[in-house]
Amino acid sequence: MPHMTAFARNQWYVAAYSHEVGRELLGRSVCGETLVLYRTEEEGTPVVLHDRCVHRRYPLSQAPTRLDGDRIVCGYHGFTYDTTGTCVYVPGQKRIPRTARVASYPVVEQDSLIWVWIGDPELADPGGIPRARHLDAPGWVTVRGMEPIDCDYGLLVDNLLDLSHETYLHGGYIGTPEVAETPITTEVDEGAGVVRVSRRMDDAECPPFYARSTGIEGRITRWQDIEYQAPCLYVLHSRVAPVGVLPRPDGSDPDAFHTEVTYAITPSGDGTVYDFWAVSRDWATDDEEVTEFLRASNHTVVMQDVDALNLLQRTLGTERHGYQELSINIDTGGLAARRILARLVEEGAKPEEKVR
Amino acid sequence: MSGGTGEVYRVDWVPGTDLLHGTCHCGREHRAEDPVRMWEWMLAHPQGHRLPEDDS
């Protein structure tokens, strides 16, 4: 049995993109909790309920379960729930059992993401949701997707916090020799649960991903500044410019290409994770060809990670007597992230959290 | 969430070397070649911390 990172409760997680949630029922699992998502008819407000009918546990996200206005009608025996999860109809009788309700989850739609609170609903504070404004802001164009991976979510955190793997796993796409060779700076803001890993390459080969999309010829100055707001949101602030071109003294930076690479790392169940990925840019925003190129090439890069992490999880599962890892300098950020996750898991499991 | 608390730990990989240079939020500094040991030192704050001049 390979190592499984426990789930951190009392946290916000991305359950879906805004565009995925509508009048069709959508089923997702977050931290092992099965969810059904939909929008109300008039207001379009997202609703998230537990995806199991109280009667015989039929999944409410599955046909022939359907919406009747804002109510959800179980496709097995017709138990009907309102948006709060309260059962308002049972077949053949007037008395509705007092316990007939499914859990409803605090939900916030922000930055084109559907955030769901996993934990004690009384502790849910929408102000604590990390922002990713570039996903939904004027002046930015975003390509995005989601891939489920059959791996412990900790493996995806490891993967994203150490970009030196780009040189090897993503060579020919986003990786060049300089990524693995350039020292990193790691900062941990303990109280905020934020890990920042910065890699500044002064004189680097331009990977095809950027050469073809930006039109830069020759070598580049490439900055990769990771900001991981545990447990779910990861943003890579990428800056690419012709070699030697730096931001101006007044702080403006018109000669560089800024790309925000966003991931929502949402644990689905034990050994499964949703990999929400998005690439946002503030350059060539009206160039559809660039959009399609970035969509296709980033999807390829994501699938390289998906294949590698699926394989890694299967491989770890064959270890009969446990295993040891070896960490080196490139892992400084990943180790910090693991530790913060362990703390959040511990805090989320404490009953006294409820009295805060 | 990203507002921060002021308690920031920092680890610099010293360019041209295999060394890590750590700075605790209390200002104490430390050098190590192994990130696991670096974090052990950092998180033991203030236990085992030495003043920067002690490292020279």
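Quick notes on this one:
- Count of region A:108-125 residues which are over 23 Å from A:Val261 (Cα atoms) and within 12 Å of another protein chain (Cβ to nearest Cβ): 1
- Residues of region A:187-220 classified as within 14 Å of chain B (Cβ to nearest Cβ) and charged (D, E, K, R), total: 8
- In region A:25-43, the residues that are in a loop (DSSP other than H, G, I, E, B) form Cβ pairs under 7 Å with partners that are among the small types (Gly, Ala, Ser), at six or more places apart or across chains, as follows: A:Leu25/A:Ser61; A:Gly32/A:Gly269; A:Glu41/A:Gly69.
- When the residues of region A:221-248 are filtered to those that are in a loop (DSSP other than H, G, I, E, B) and touching a residue at least 12 places away in the same chain (Cβ under 8 Å), the one that is surrounded by the most Cβ atoms within 10 Å (Cβ to Cβ) is A:Pro231.
- Selection within region A:178-188 - closer than 25 Å to A:Val345 by Cβ and either at pLDDT below 95 or among the aliphatic types (A, V, I, L, M) (or both): A:Val188
- Extreme residue, nearest to the other protein chains (Cβ to nearest Cβ), among residues of region B:25-38 that are part of a helix (DSSP H, G or I) and without any contact (Cβ under 8 Å) to a residue 24 or more places away in the chain: B:Val36
- Inter-residue pairs, beta-carbon under 6 Å, first at pLDDT below 95 and in region A:196-213, second among the small types (Gly, Ala, Ser) and part of a helix (DSSP H, G or I), 6+ apart: A:Phe209/A:Ser297
Residues checked against (1) within 14 Å of chain B (Cβ to nearest Cβ); (2) closer than 29 Å to A:Ser198 by Cα; (3) out of contact with any helix residue (DSSP H, G or I) (no Cβ under 7 Å at 6 or more places or on another chain); (4) modelled with pLDDT under 95:
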| residue | (1), (2), (3), (4) |
| --- | --- |
| A:Thr272 | no, yes, yes, no |
| A:Ser280 | no, yes, no, no |
| A:Glu289 | no, no, yes, no |
| A:Leu309 | no, yes, no, no |
| A:Glu319 | no, no, yes, yes |
| A:Ala349 | no, no, yes, yes |
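- Of the criteria (1) closer than 26 Å to A:Met303 by Cα; (2) free of Cβ contacts under 8 Å to residues at least 40 places away in the same chain, which one A:Pro138 fails: (1)
- The residue pairs whose first member lies in region A:85-107 and is hydroxyl-bearing (Ser, Thr, Tyr), whose second member is not in a strand (DSSP E or B), and whose beta carbons are closer than 6 Å, counting only pairs six or more residues apart or on different chains, are A:Ser104/A:Thr84; A:Ser104/A:Gly85.
- Selection status of A:Arg56, surrounded by fewer than 21 Cβ atoms within 10 Å (Cβ to Cβ), in contact (Cβ under 8 Å) with a residue 24 or more places away in the chain, out of contact with any helix residue (DSSP H, G or I) (no Cβ under 7 Å at 6 or more places or on another chain) and farther than 29 Å from A:Leu123 by Cβ: no
The values are calculated or read from the model by the stated rules, or taken from the named source; none is laboratory data. Keep in mind that this is a model prediction, so the values were computed, not measured. Methodologically, a virtual Cβ is constructed for each residue, glycine included, from the backbone with ideal geometry; neighbour enumeration extends over all protein chains shown.
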